1. Restricting the search to segment 40-55, which residues are without any contact (Cβ under 8 Å) to a residue 12 or more places away in the chain and over 13 Å from Leu79 (Cα atoms)?
2. Test of understanding: among Ala118, Ala38, Ala99, which residue is assigned to a helix (DSSP H, G or I), loosely packed, with under 12 Cβ neighbours inside 10 Å and either out of contact with any Ser or Thr (no Cβ under 6 Å at 6 or more places or on another chain) or of a type outside the set (Ser, Thr, Tyr) (or both)?
3. Do we find that Ile83 is free of Cβ contacts under 8 Å to residues at least 12 places away in the same chain and over 13 Å from the mean Cα position of the chain (by Cα) in this structure?
4. Working carefully through the options Gln91, Gln27, find the one that is surrounded by 12 or more Cβ atoms within 10 Å (Cβ to Cβ), among the polar types (S, T, N, Q) and in a loop (DSSP other than H, G, I, E, B).
5. Pick out the one residue from Ile17, Ile55, Ile72 that is in contact with a strand residue (DSSP E or B) (Cβ under 6 Å, 6 or more places away or on another chain) and not in a strand (DSSP E or B).
6. Does Ser93 satisfy the condition of being touching a residue at least 40 places away in the same chain (Cβ under 8 Å) and in contact with a helix residue (DSSP H, G or I) (Cβ under 6 Å, 6 or more places away or on another chain)?
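No lab work stands behind these numbers, since they all come straight from the coordinates. Keep in mind that this is a model prediction, so the values were computed, not measured. Cβ placement follows ideal geometry from the backbone for every residue including glycine, while neighbour counts extend to all protein chains displayed.
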Amino acid sequence: MKLASIDIGLKRIGVAICLDGKIVIPQNAILRKNRNQAACDVKKFLQEWEIEKLIVGIPKGGSSSDEMERRIRHFVSLLELSIEIVYQDEQGSSFEAKALTMGEFKHKRDGRLDSIAAKIILERFLQL
């Protein structure tokens, strides 16, 4: 089954895919100008890769998790997908991504960290 995960942020959406059920590969992040453009870009990406299940990172716990969860679920509703959608706890994935890549590349706002976070989210899902 072809899987993809997204880490939804206010400026960028990290993306990762797994085509064989084992190896997760981060992809170029989707830059978010507005939610409709971002939803269109995500949907196009999923169709191009023929993704069968989408794993969406969602924060559990924390002071603003309820508001973020509401925003994430609203964004996912804009995708109008006919594939299965699974919500996976993303707690700490961005911090873990930063720690994993320390010294490997300069941490710019180019989306690489967001896609590494999406990779971590998908790896967590596969471990279940």
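1. Within segment 40-55, just Glu48 meets the criteria.
2. Ala99
3. Judged against the criteria, Ile83 is not a match.
4. Details: Gln27 fails: in a loop (DSSP other than H, G, I, E, B).
Among Gln91, Gln27, only Gln91 is surrounded by 12 or more Cβ atoms within 10 Å (Cβ to Cβ), among the polar types (S, T, N, Q) and in a loop (DSSP other than H, G, I, E, B).
5. Ile72
6. Answer is yes for this residue.
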